Amino acid sequence: MTPPLPGTDDRRGLILLADDSGLAALIARTALEAEGHTVLEVADGVEALAVLRARRVDLVVTDWLMPNLDGLGLMRAIRSSPELEQPYVIFLTSMDRRAQIVEGLDAGADDYLPKPFDPEELLARVRAGLRVVRLQRGLEAHAAELERSNAAFAQFASVASHDLNEPLRTITSYLALLRERVGGRLGPDADEFLGFAVDGATRMRRLIDDLLVWSRVDGESHSATPVDLSAEVATVLDDLSCRIAAEHAVVEVGSLPVVPGDASQLRRVLANVIGNALKFRGAADPHVRVAATATPDTVRLTVTDNGVGVDPDDAARIFDMFTRVGHRDAYEGTGLGLAICRRIVERHGGGITVTANPGGGAAFVITLPAVAASPLAA
């Protein structure tokens, strides 16, 4: 038998062996323990479930034919019990029929081995399974750490934004008051400097407000409700009516569906995307189209315009935080609007992309689930 490789102790695991056939169980246990694994041996699926509820097992090797609860029932019970640590499962079977092998894999097994089995092949499959387990747990730990980090940053952003807002409001108010009272008395340089100060404070306040919105996206709602996108677009256009008139803009809206989600958050996305279409206008009067296509599972909402467009090289990073691409000196902004949009849309289980229109302008595509299985309900 091949000895374990030097320096591979991290590949050794806690193995649950469920098999009521004495000789096969003895062969499997002997091989596993010789390679350094710790083996817990039981004779049926009921005992195996009791062990799994009490211990964090890395891998299960189970026979198909067992009393009380067979291997098929055990695999189904494991995969249907979210409270259990989900181990890697290898089933052993003396039934060399494709239908039963497929049934076992469909029931939740990760691998199988026909009986009588070669101990070396069993060890190789166990090693492969443990590599998968280690990788999966590493990814889960990384995801949990990333979630904690994101939560900590969101909390920091919320607290910092709230605490900075009040003193900044005071600074902005007094700067504006100072400019009003002494404007024109201290010379053109002083007026210009005061103007810079007021504009800078105003931009900072806008940035803090956007950062506060970004930090609160995940905590604003915990349930999905039907959202009529036609009604939300109508509200957005009503809010933008003065701007639309001033820009001599035309906004065409097609038939839009109802989707599950958070109405206020989706309205914010629509307001940002449509508002950008008006802001980043070209030489011609703005022409914006809002349309949707739907399948039983997905809604694809498209907002197109005839504005300045977007460089294909910027299409991916335009949704990153604090990113302002192209024409940044000509337009106001914090670089957080589209980052907030992406955060909201992804929270709804969808995605958002942008492409350049062949005839000029840009096309934002927002994909949302069409069914009520929304992550918001989690």
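Return a yes/no flag: does region 213-222 have any residue that is of a type in the set (A, V, I, L, M) and either in contact with a Pro (Cβ under 7 Å, 6 or more places away or on another chain) or modelled with pLDDT under 80 (or both).
Checking region 213-222: at least one residue is of a type in the set (A, V, I, L, M) and either in contact with a Pro (Cβ under 7 Å, 6 or more places away or on another chain) or modelled with pLDDT under 80 (or both).
Is there a residue in region 274-288 that is surrounded by 15 or more Cβ atoms within 10 Å (Cβ to Cβ), of a type in the set (S, T, N, Q) and either modelled with pLDDT of 90 or more or assigned by TED's automatic domain parsing to the domain that holds Val251 (or both)?
yes
Tally up the residues in region 186-201 that are surrounded by 15 or more Cβ atoms within 10 Å (Cβ to Cβ) and closer than 21 Å to Glu166 by Cα, please.
Qualifying residue count for the region: 4.
Could you please let me know if Leu177 is among the aliphatic types (A, V, I, L, M) and either touching a residue at least 12 places away in the same chain (Cβ under 8 Å) or in contact with a Ser or Thr (Cβ under 6 Å, 6 or more places away or on another chain) (or both)?
Criteria not met by Leu177.
Per-residue answers, yes or no, for (1) aliphatic (A, V, I, L, M); (2) outside the structural domain of Thr38 (by TED's automatic domain parsing); (3) over 21 Å from Glu35 (Cβ atoms); (4) exposed (fewer than 14 other Cβ atoms within 10 Å of the Cβ):
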| residue | (1), (2), (3), (4) |
| --- | --- |
| Asp63 | no, no, no, no |
| Ser80 | no, no, yes, yes |
| Arg97 | no, no, yes, yes |
| Asp111 | no, no, no, no |
| Leu122 | yes, yes, no, no |
| Ala143 | yes, yes, yes, yes |
| Pro167 | no, yes, yes, yes |
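The values are calculated or read from the model by the stated rules, or taken from the named source; none is laboratory data. The structure presented is a predicted model; accordingly, all values stated were derived computationally and were not measured. Cβ sites come from the backbone with ideal geometry, for glycine too, and all protein chains shown count toward neighbours.
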